[in-house]
Amino acid sequence: MPTEFRPPQNVLRTAHLERRDTKAYNPVLAAKPAVSQNRSSTGLAGIFAEGFFCECTDMKNSQLKRRTFLQTMGSAAATTASSQAAEDKQARASDHPIRVGLIGCGGRGSYLADQTAGLKAEGERVEIAAVCDIYQPRLERAAARFGATPYKDSNDLLASPNLDAVIVATADRWHVPHSLAAVRSGKDVYCEKPLSHWKQFDQLKELVREVKQRKAVFQVGAQWVSNPMWSQAGERIRAGALGKITHAQTGYFRHGDGGERGMPIDDPAARPGPNLDWDAFQGDAPKQPFDVSRFFQWRMYLDYSGGPSTDLYPHPMTRLFKALGVGLPKKVVAVGGHYFYDGGRDVPDTFDLLIEYPNGLTVAVLGTITNDTGLDTVIRGTEGTLRFTGDSQLVLTPQPGSKQGGRAFGRDTTVQDHLRDYFQCIRSRQEPRGNIQLGYAVQVPLIMGMLSWHENKVAFFDESKQEIRLA
């Protein structure tokens, strides 16, 4: 298991910096809850339960009662404050345009900001008001492009009382730290997938608890799930159209390593200094000497990414899991490797994982970037089969003797659809389509799969302890 992550000081300063906003500051929201390292919970319900878990064994009854009382009162106060904060956010969002801060101004971040600007041009009341990056040339370009206030330190951006929400589009290692700091500063979050780095399970759980406790709107950037037919498929499944679901499959197939080695190197002569903060980039990763490829093409390296498996697989997995309504897995095993593409990469170009769930369901997620011949997304039950076709249809084929059948129609969806859902939920305070609970259900088996592959072992999930064990 990875060791506990302690964010660098510039992340830890967030709670202090948010005190600058005297108008919006709430001492309950600003304080980081003290959570016992020994928690006991049950599945997703445990992670999303109100309040926190404590170890209360070997204590006198009076101590137990006192702690229980204090916990209950503290949790109630935090819940009340969070509810009030959510109401305040809704009121502010209805009064003025949603002001967004962009953290990470690389290719993906700039694209998301462009799409947000496109929504504004279509009449959506939203604007990119601030941008942040640790590489000065990208920061300056983004600030000029969107007419936004530039920040080199994300904590300074998050301390701004003029922002309502953020888009996090940094390297994988920083998705959780930036999202966690944003939520604690009272901001709603759109976080690019994957939800976390594959060695950050403990930090991921902390983020999930904070989002739930503070009632933040949180959208994971896996936009395929915004196609409404996946919700329709879930309704059919819950109505019993497929009988008992026993097997499902999905995958991602591509020809080419453009998503890793194809990441552009802005300046081959770039070096650490005032314009490039290498130490900040590394975060909690193993410390390495500066390398221009590691900085600009970070998706090639396990220190910062899982490669195509964690970058691409969240797309098909999120929509499939939306339909299945799965919880957390029982067991995951993964195989693969970098069989063809090299160029210094250590992330796999081929990666297959099998996920077993406690309720008697196996999900196969397969893929490679060495060939683009695809694999249908299929859900198999005892009464029928649900198959996704490339023309935005889900076709239900009954098993012999079953009377079930029919089709579900969706539509092609875009990143703008996903962003629009995020902004609308900021105003309504409803759960977005790619919410944190769904993101957690996707990220846990991905983490287990990466650990299984990396250590050449089987990954087991202990639901009672919310822990991953390798054997």
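Throughout, read-outs are computed from the coordinates displayed, never taken from laboratory work. What you see is a predicted model; the values in this text were computed from it and never measured. Methodologically, a virtual Cβ is constructed for each residue, glycine included, from the backbone with ideal geometry; neighbour enumeration extends over all protein chains shown.
With the cut-off at under 18 Å, measuring from each backbone N in the range 299-336 to a point 7 Å along the Cα-to-Cβ line of Glu467 picks out 329-332. Ranked by the mean number of other Cβ atoms within 10 Å of their residues, highest first, the peptides 211-223, 175-187 come out as 175-187, 211-223.
If the Kirkwood radius is taken over C-alpha pairs of the range 345-428, then at 37 °C and 0.692 mPa s the Stokes-Einstein diffusion coefficient equals 200 µm²/s.
Extending 7 Å from Cα along the Cβ direction at Gln288 and again at Asp153 yields two label points whose distance is 2.7 nm.
Placing +1 on each Lys and Arg Cβ and -1 on each Asp and Glu Cβ, with no other charges, gives the range 268-350 a dipole about its Cα centre of roughly 420 debye. Stretching the chain fully between Asp372 and Asp267 yields a gain of 34.7 nm (0.36 nm per residue, less the alpha carbon separation). Legend: distances between Cα atoms for Lys152/Lys205; Lys244/Lys465; Lys215/Lys330; Lys152/Lys322; pairs beyond 32 Å are Lys152/Lys322. Scalar couplings 3J(HN,Hα) for the range 375-390, obtained by applying the Karplus form with A = 6.51, B = -1.76, C = 1.60 to θ = phi - 60°, are 10, 5, 8, 9, 10, 10, x, 5, 10, x, 10, 10, 10, 8, 9, x Hz; x denotes Gly and Pro. Placing pseudo-labels 7 Å out from each Cα toward the beta carbon at Phe340 and Thr414 gives an inter-label distance of 3.2 nm. Computed with the Debye formula from one identical point scatterer per Cα of the range 183-340, without solvent, the log10 of I(q)/I(0) at q = 0.21 Å⁻¹ comes to -1.50.
Fully extending the segment from Arg238 to Gln393 would add 53.9 nm, taking 0.36 nm per residue of separation and subtracting the current Cα-Cα distance. Only Cα pairs under 8 Å and 6+ residues apart enter the sum, and on that basis the relative contact order of the range 360-471 stands at 10 percent. Label separation (Ala280 vs His454): 2.5 nm, computed from points 7 Å beyond Cα along the C-beta direction.
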